[in-house]
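Written below as structure tokens is the structure these notes are about.
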Amino acid sequence: MAEGGSCSNTSAGNGVCIENGAESPTDDQQWRGCSMEEIHRGLNEFELDHLPAVRPSDTHTVLYHCPIREPDDVPPRPLRAHHKWDAIHVRLPCSSKSQYPVTAEDGSSTIEARWGMIEKALLQPITNSKELQAAILSYNTKYEGQWNFRSLHRLFEDDLDESESRVFFEDLLPRIIRLALRLPELVQAPIPLLKQGQNHSVTLTQQQISCLLANAFLCTFPRRNTMKKRSEYSTFPDINFNRLFQSGGKAVIEKIKCICHYFRRVCPTERDSSNVPTGVVTFVRRSLEPTELPNWAECRAPLGVTPLHITSDGTIEDQGFGLLQVDFANKFLGGGVLGGGCVQEEIRFVICPELLLSKLFTECLRPTEALLMVGAERFSDYSGYASTFEWAGNHEDCIPRDSSRRRQTHIVAIDALHFMQSQHQYREDQIKRELNKAYVGFQHTLITPAPGVASGNWGCGAFGGDPRLKALLQLMVCTVTQRPLVYFTFGDAQLRDEVHCMHSFLLEHNVCVKDLWNLLTSYQSQNMPGNELYNFIYGCISNTLKRSPKTKLTSPKNKSMRNVLISWLKPKQTITKEKPISTSAPRRINLSEDIFASTSDSDAEGTEVAPEITISSTSTWVSSPAEVEEEKNAPNLSTVDLTNQSQSNDSVANVLNCEEIVLDSAESARPETQISKSKNNTSTEKQLGKSNVSPSSEKPTGSRQRSLLEMLDQCYTTKSNNGPDTKRICLSKISNPNTKTPTKQQ
């Protein structure tokens, strides 16, 4: 595969890579496809909203007084409410209901308040790691013979010099303890558990998070240590740090360094609290029902309209500013971060330790669930990966805050399947599961255009996923959710070029989501090795062209369809923000078959239409003319789920979900030399649907559907008090193509 982005596929003969109208990249350029300016739609990286402002509601628990009245350099004031000790809230160690059996020297047993035991143990002088272990075990007596904090001992006895260890036990550890013991003061309201099947959000201050994490560091949370399957929290991740302290490996030592550095940054001293963070962080659990998911086999969104920037350089956290950043998650949030694990998710959690709090209240994710985390601050730099991971010092996070005091860092946790046998990932049910999982993470309810997605080899590596397949799956989901995609290959230049060439090929041949779905789900039956997936796709589309000599795939050489859609989605300099749409009920849109295709032969004359790609067990074939005619006349409707899409994007959803996109444009349908020789001598303006000829002189339109450009031409203008007038598409005119309503010429 050439570094310049051009490629050829000898077996398929059609693997020619185009550059989407841009100049071919130089050999030393690390990225391919669209520029980052295009990904951000020509706006500032942080100009597009991801979520609405924080506002308490039945589905959003806020643990501080909202709106915030304090100055920006003062933490928000904690909200006061009655604590709850039940199965749907976090059981806090400071609760009066938290009790622990204590055995006296004479053998008698009594029940004591656990918080009193914690205070007594931690307020004693602690001068080394062994004394710290003894203090923690004094209120976790059931684990005296099981817990051995060998990695903690190794850090302070072997890794750090004597002066560094003394600073920790004389200065930092007392600060951590004081912060942990302020729990009754800083968290005065119950924290709900984000349980399976819920759509609920929790927002806390950074100060509250640091206090809760200090308690996790000291292993104070009750009922969170047992690993038994039927225990109360068996479906939740672990939160106490005991497993981290006793796990082996050099990476564990480095992760503990990251955690200690975080506490050094956020724990106030006795006389100075200026270092206390003053922002807030939001955790959003998303859960969708099966009826809210797309029907991938019927989705007609053209893949080529999704802008793709793919690079072999950089990382999601370093270069994904302003984008929805994907956490390659474990269904138990954090994965092995409090154990021996040290890959993408674990690294992100230790350089941004506030993410660790998700482990306190987030039940393990189901197949159609995801967790969105907004506002987490980064505190550490690092180098290496897995066994070579090392803490590399302090990191000053310069990401701006939103109006709710959240850092504009948006991370979505989606867990991929673990494939013990790599061929299983090409099964239809497995492909559908991964598509649905990514859709839950990427879907949105935004009025303004959605920011792009920063992702990469999700579920690959130890989970056995094929990065070429995962790249296509995420491209399909970004197409349906109308988000640009930034894909990081983490140094793999060959993968970068192969994925870019495939995307260009899909654009050139106008392949839609359902076509790619059919190809992917038929791949396993061909008994081909996993590394032949792209060759299989190239071959199937090439065979489709060869078997239909009278029908030619529309090749948008001047990219008119793509340019129209991207320019229409691209916001103006001033974005008109509207009231968010309620997420209580999903919205479904019924689209008729061939919404832009004419049922008149004369209307279709001179227009090339891409044939539907159909896969059989032995070969690729194209539907016969009789079958095509029968399908056109079928009265049934195709239902496309576009859950909670914005109202202003409804017409784009219609455009992106058509089976055959026909541009009634002379430039895209016929060469320029043929325009002047048209039989009807029709002007270009009339072909674009802008003719002023009376309806009686036009062709019969009783059964004719509107073209794309006719639809885009019908719009109205919304007056804005804060900026220029905003162009909006008139949905009523789109939904009823036979209604003749005068349109305002722009």
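Below, the figures for the structure above:
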{"read-out": "Every residue from the range 441-466 that is surrounded by fewer than 23 Cβ atoms within 10 Å (Cβ to Cβ) and either out of contact with any Ser or Thr (no Cβ under 9 Å at 6 or more places or on another chain) or assigned to a helix (DSSP H, G or I) (or both)", "value": "460, 461, 462, 463"}
{"read-out": "Hits in the range 377-422 - residues which are surrounded by fewer than 20 Cβ atoms within 10 Å (Cβ to Cβ), aliphatic (A, V, I, L, M) and in a loop (DSSP other than H, G, I, E, B)", "value": "399, 417, 420"}
{"read-out": "Subset of the range 480-526 (residues that are more than 10 Å from residue 310 (Cβ to Cβ), assigned to a helix (DSSP H, G or I) and among the basic types (Lys, Arg))", "value": "514"}
{"read-out": "Flag if residue 209 is buried (at least 23 other Cβ atoms within 10 Å of the Cβ), touching a residue at least 60 places away in the same chain (Cβ under 8 Å) and touching an Asp or Glu at 6+ places or on another chain (Cβ under 7 Å)", "value": "yes"}
{"read-out": "Residue in the range 128-136 that is closer than 30 Å to residue 190 by Cα, among the small types (Gly, Ala, Ser) and not in a helix (DSSP H, G or I) present", "value": "no"}
{"read-out": "Pairs, first closer than 19 Å to residue 47 by Cα in the range 317-346, second among the hydroxyl-bearing types (Ser, Thr, Tyr) and surrounded by fewer than 21 Cβ atoms within 10 Å (Cβ to Cβ), C-beta under 7 Å, six or more apart", "value": "none"}
{"read-out": "Of residues in the range 150-186 being assigned to a helix (DSSP H, G or I) and of a type in the set (Lys, Arg), the one farthest from residue 248 (Cα to Cα)", "value": "178"}
{"read-out": "In the range 525-547, residue farthest from residue 460 (Cα to Cα) [restricted to those that are within 31 Å of the chain's Cα centre (by Cα) and among the polar types (S, T, N, Q)]", "value": "525"}
{"read-out": "Pair list, Cβ < 6 Å and 6+ apart or interchain, from the range 454-467 residues that are free of Cβ contacts under 8 Å to residues at least 40 places away in the same chain to residues that are assigned to a loop (DSSP other than H, G, I, E, B)", "value": "467/457; 467/460"}
{"read-out": "Cβ-Cβ under 8 Å pairs, at least 6 apart or on other chains, the range 146-170 side without any contact (Cβ under 8 Å) to a residue 40 or more places away in the chain and of a type in the set (Asp, Glu), far side surrounded by 17 or more Cβ atoms within 10 Å (Cβ to Cβ) and in a helix (DSSP H, G or I)", "value": "157/129; 157/165"}
{"read-out": "Residue in the range 295-316 that is over 20 Å from the mean Cα position of the chain (by Cα), closer than 30 Å to residue 195 by Cβ and assigned to a helix (DSSP H, G or I) present", "value": "no"}
{"read-out": "Which listed residue, of 398, 352, is modelled with pLDDT of 95 or more, in contact with a helix residue (DSSP H, G or I) (Cβ under 9 Å, 6 or more places away or on another chain) and under 23 Å from residue 314 (Cα atoms)", "value": "352"}
{"read-out": "Residues that are among the basic types (Lys, Arg), over 19 Å from residue 210 (Cα atoms) and not in a helix (DSSP H, G or I), drawn from the range 220-265", "value": "223, 228, 229, 230"}
{"read-out": "Qualifying residue in the range 417-430 (condition: within 28 Å of residue 283 (Cβ to Cβ) and of a type in the set (S, T, N, Q))", "value": "no"}
{"read-out": "Out of 343, 337, sole residue that is aliphatic (A, V, I, L, M), surrounded by fewer than 20 Cβ atoms within 10 Å (Cβ to Cβ) and either farther than 23 Å from residue 462 by Cα or modelled with pLDDT of 95 or more (or both)", "value": "343"}
{"read-out": "Residue match in the range 243-262 (condition: in contact with a Cys (Cβ under 6 Å, 6 or more places away or on another chain) and either modelled with pLDDT of 95 or more or among the basic types (Lys, Arg) (or both))", "value": "yes"}
{"read-out": "Residue within the range 271-282 that is of a type in the set (Gly, Ala, Ser), more than 19 Å from residue 360 (Cα to Cα) and part of a helix (DSSP H, G or I) present", "value": "no"}
{"read-out": "Strands (runs of 3 or more DSSP E) contained in the range 53-119 and holding at least 1 residues of a type in the set (D, E, K, R)", "value": "109-113"}
{"read-out": "Condition broken by residue 434, with the remaining ones in (1) touching a residue at least 60 places away in the same chain (Cβ under 8 Å); (2) surrounded by 17 or more Cβ atoms within 10 Å (Cβ to Cβ) satisfied", "value": "(1)"}
{"read-out": "Complete set of residues in the range 145-201 that are of a type in the set (Lys, Arg) and closer than 26 Å to residue 276 by Cα", "value": "166, 175, 178, 182"}
{"read-out": "Matching entry among 563, 543, 518, 531 (being modelled with pLDDT of 95 or more, at negative phi, surrounded by fewer than 22 Cβ atoms within 10 Å (Cβ to Cβ) and not hydrophobic (A, V, I, L, M, F, W, C))", "value": "518"}
{"read-out": "Residue match in the range 148-160 (condition: on the phi > 0 side of the Ramachandran plot and not β-branched (Val, Ile, Thr))", "value": "no"}
{"read-out": "Those residues of the range 325-334 which are buried (at least 24 other Cβ atoms within 10 Å of the Cβ) and either touching a His at 6+ places or on another chain (Cβ under 7 Å) or in a loop (DSSP other than H, G, I, E, B) (or both), in sequence order", "value": "333, 334"}
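Yes/no matrix, rows are residues, columns are (1) surrounded by fewer than 16 Cβ atoms within 10 Å (Cβ to Cβ); (2) at pLDDT 95 or above; (3) in contact with a Gly (Cβ under 9 Å, 6 or more places away or on another chain):
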site	(1), (2), (3)
59	yes, yes, no
64	no, yes, no
77	yes, yes, no
81	yes, yes, no
90	no, yes, no
100	no, no, no
109	yes, no, no
124	yes, yes, no
129	no, yes, no
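Every residue, every condition in (1) among the small types (Gly, Ala, Ser); (2) more than 22 Å from the chain's Cα centre (by Cα), yes or no:
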| residue | (1), (2) |
| --- | --- |
| 471 | yes, no |
| 499 | no, no |
| 508 | no, yes |
| 516 | no, no |
| 522 | yes, yes |
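The values are calculated or read from the model by the stated rules, or taken from the named source; none is laboratory data. Every value quoted in this text rests on a predicted model; they were computed, and no experiment measured them. Note that each Cβ is placed from the backbone with ideal geometry, even for glycine, and that neighbours are counted across all protein chains shown.
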